[in-house]
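Down below is the structure, laid out as structure tokens.
What follows draws every value from the coordinates through simple rules; no lab data is involved. A quick note: this is a predicted structure, and the numbers were derived from the prediction, not measured. Glycine also receives a Cβ, built like all others from the backbone with ideal geometry; neighbour counts cover every protein chain displayed.
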Amino acid sequence: MAGVSFREVVKTFGKTRVLHGISLDITDGEFVVLVGPSGCGKSTLLRMLAGLEDITGGTIAIDGRVVNDVDSKDRDIAMVFQSYALYPHMTVRDNMGFSLKLRNEKQALIDQRVATAAKILNLEPYLGRYPRELSGGQRQRVAMGRAIVRDPKVFLFDEPLSNLDAKLRVAMRTEIKALHQRLKTTTVYVTHDQIEAMTMADRIAVMNEGRIEQLGRPLELYDRPANLFVAQFIGSPAMNIFDGVVQSGAVEALGVRWPANGGASDGQRVRYGIRPEHLEPASAGIPAEVVVVEPMGAETEIVAKVGDAPITVMMRGRSNAGPGERIHLAPQAAHAHLFDAASGIRI
Amino acid sequence: MIAPYVLVFLVFVVYPVTYGLWLARHPQSYVTLFDDPVFFRTVVNTIVFLMVAVNVKFALALFLSGFFVHDRAWIRWLSVIFIIPWAVPAIPTIFSIRFMLNPEWGIINSVWFRLTALDGPNWLNDPTLGLTMAMVVHIWKALPFWTLILIAGRLAIPRELYEASSVDGATSWQKFKYVTWPSIRTLYLSSTILSMIWTLGDFNSVYLLTGGGPADLTHVLATLGIRYIRLDQVDQAMATIVVALPFVLPLVYFMMKRLSANE
Ligand SMILES: Nc1ncnc2c1ncn2[C@@H]1O[C@H](COP(=O)(O)OP(=O)(O)OP(=O)(O)O)[C@@H](O)[C@H]1O
Ligand SMILES: [Mg+2]
């Protein structure tokens, strides 16, 4: 186990720069998720940590040792690939024991480690099979087994769940998290799925176009997004955001007044953000016209129009509103977010 | 609708094979053949040619394919140059090699003499050296093709397998042993067998270079038939083809078995 630190890490492919100076400290035993839209550079950053890509600039250290010039095989890391990358000509047992075999460990030790990992991952019945004889979920587990038999300093995951169906994905999410709580190995986990990030991470680094937009605990990012990008990226359904102007403690937007608290000066142009669950239908407030009602049982999602802008509302319980009906929305001022219209930075 | 296939089969396979066998039907042909001292030497040469040339060629192809899979611009260019021997027509190039190897005025011995002030070897007038040079020409000519095949085989291996093995701690040799070789082994063995079949029929490398000489000591089964035809012994020539069948048929059999097993 060990901490990982990125210092001003830069990556260029030919003439294109894809990472613009990433700095990030991960403490021993922490589970950090790198999340961001496709192409933002999260896999590249992970692969640089794994030693699979050259480091153009800056340094990466594992356990206090700078590893820029250390081969993958000497970094003492284990990685789970999106495609699993199981060795097709080896059985599950040999796949899992491979890294130990390469380290010339005694066969008895290898057998014992593989047996333990197989037990944790419920793979015991499949040890004699080849990867092609397994389902997607089982292969995924073998890939994890291959990582955990080694007891490495750091676990790396690159979108390990994206080839699984929705149900299995949720189950494996829980399993990986339980595994981390049991092994307490430092983990860097890459995903583009913000729900995965929110549910699994100790801390999340939200990335965009080769930069870290914000680093923090999941609920910190949710409650106090540092900028518009994070505000829009984290949370599902996404935060409602629209243009407005500050006017005596509230925001004029879409032809109505939205309550907000402090920080901005009168006349300042802002982007006003409010999460769907912080807009309750009420007897009085902002008038809106219902467009779609999506009951989900415990909650109901309503898309309504304020002026011409669609606004998403998430209310607890059920609603008997129907399309075309006029309702009133009461925004909770304490949960309103204001961002500078020009820079997108939180006010 | 199978009539056209049957017709093609009759015209191009059944008729020539039957006709050949019919020409080779006299038992006397075989007695004469086995009594011919050239024949025994030819069989030995053929076996040596098959075993040495094919295996050396494949070992080289395996090695070179590992080099050419690297994704660099200059390696691409080099590979284009490397393909040339295979792409050029056989007859003029092998003749030109033959001229280069001429002991008196060939370029190789001229350079040899200039560098060492000694006469170079008598490349094609020594049976061992002659057959060796024929094998070298054969390898030189066929190597690009088989290297390409093995490159294709290597390129089909997912890159993540190499990355996973790097992370798992494998050295280059271990990556070859545990990732590359298991993935291309089947291709390598099938190609070797196919190449043996083709090599058995390789007439050019030997005939154009040594003509079977000196003293008919460098013939292989593929060239022996021509020798008899030039001596007007057509049924003798056909008999050599029949004698080659014990070499070819097991190879063809293995090949077919592999192909159907891979389905
Ligand atoms: N080998 C490469 N050569 C050139 N450009 C590359 C290479 N690998 C990645 N890139 C570029 O670097 C950028 C970041 O890629 P990366 O794979 O890290 O994105 P990602 O965040 O993992 O996206 P995704 O969610 O789609 O996997 C992309 O614009 C991509 O086109
Ligand atoms: Mg990626």
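Quick one: among B:237, B:87, B:53, which has the greatest mean-square fluctuation in a GNM of chain B with alpha-carbon springs under 10 angstrom?
Largest GNM mean-square fluctuation: B:87.
Considering the Cα trace of region B:1-67, what is its radius of gyration and what is Dmax, both in angstroms?
Taking only Cα atoms of region B:1-67, I get Rg and Dmax of 19.9, 53 Å.
Are there any helices in chain B, counted as whole DSSP H runs, that stretch 27 Å or more along their axis by Cα and score at least 1.0 on average by Kyte-Doolittle, and if so which?
Passing helices, by number: B:127-155, B:234-261.
With r as the distance between the Cβ atoms of residue B:78 and residue A:217 and R0 = 60 Å, compute the FRET efficiency 1/(1 + (r/R0)^6) and round to 0.05.
Computed FRET efficiency for residue A:217 and residue B:78 comes out at 0.65.
Using the Cα centre as the reference, give the magnitude of the dipole from point charges on the C-beta atoms of region A:240-340 (Lys, Arg: +1; Asp, Glu: -1; all else neutral), rounded to the nearest 20 debye.
Dipole size: approximately 100 debye.
Relative to a virtual label point 7 Å from the Cα of residue A:162 in the Cα→beta-carbon direction, which members of region A:31-66 show backbone nitrogen distances below 20 Å?
A:32-54
Neighbour counts of other C-beta atoms within 10 Å: give me A:87, B:19, A:189 arranged from fewest to most.
Ascending Cβ contact count within 10 Å gives the list B:19, A:87, A:189.
How many angstrom separate the Cα center of region B:204-263 from the Cα center of region A:142-203?
With region B:204-263 and region A:142-203 each reduced to a Cα centre, they are spaced 62 Å.
Using the reciprocal of the averaged 1/r over all distinct C-alpha pairs, how large is the Kirkwood radius of region A:268-347 in Å?
13.3
Determine one quarter of the surface area of the Cα convex hull of region B:3-262, which equals its mean projected area, and express it in nm² to one decimal.
Result: a mean projected hull area of 19.1 nm².
Using a 10 Å Cβ count of at most 13 others and DSSP loop calls, identify the longest part of chain B lacking such trypsin sites (Lys or Arg not before Pro).
The segment B:73-263 is the longest one with no such site.
Pop the C-beta distance of residue A:10 and residue A:177 into the FRET formula with R0 = 45 Å and round what comes out to the nearest 0.05. It would help to have the intermediate numbers written out before the result.
Working: r = 32 Å, r/R0 = 0.71.
In this case the efficiency is close to 0.90.
Can you compute the helix-only [θ] at 222 nm over the protein assembly as shown? Use -39500 (n - 2.57) per DSSP H run of at least 4 residues, normalise by all residues, nearest 500 deg cm²/dmol. Numbers along the way, then the final one.
Working: 23 runs with 277 residues, N = 610.
For the protein assembly as shown, the value works out to -14000 deg cm²/dmol.
I need the semi-axes of the equivalent ellipsoid of the protein assembly as shown: take the C-alpha gyration tensor, multiply each eigenvalue by 5, square-root it, list largest first in whole angstrom.
Three semi-axes, in Å: 73, 28, 25.
Over the Cα atoms of chain A, Rg to Rh with Kirkwood Rh, two decimal places?
Details: Rg = 24.0 Å, Rh = 22.6 Å.
Rg/Rh: 1.06.
How do A:6, B:40 rank when sorted from fewest to most other Cβ atoms within 10 Å of their own Cβ?
Lowest count first: B:40, A:6.
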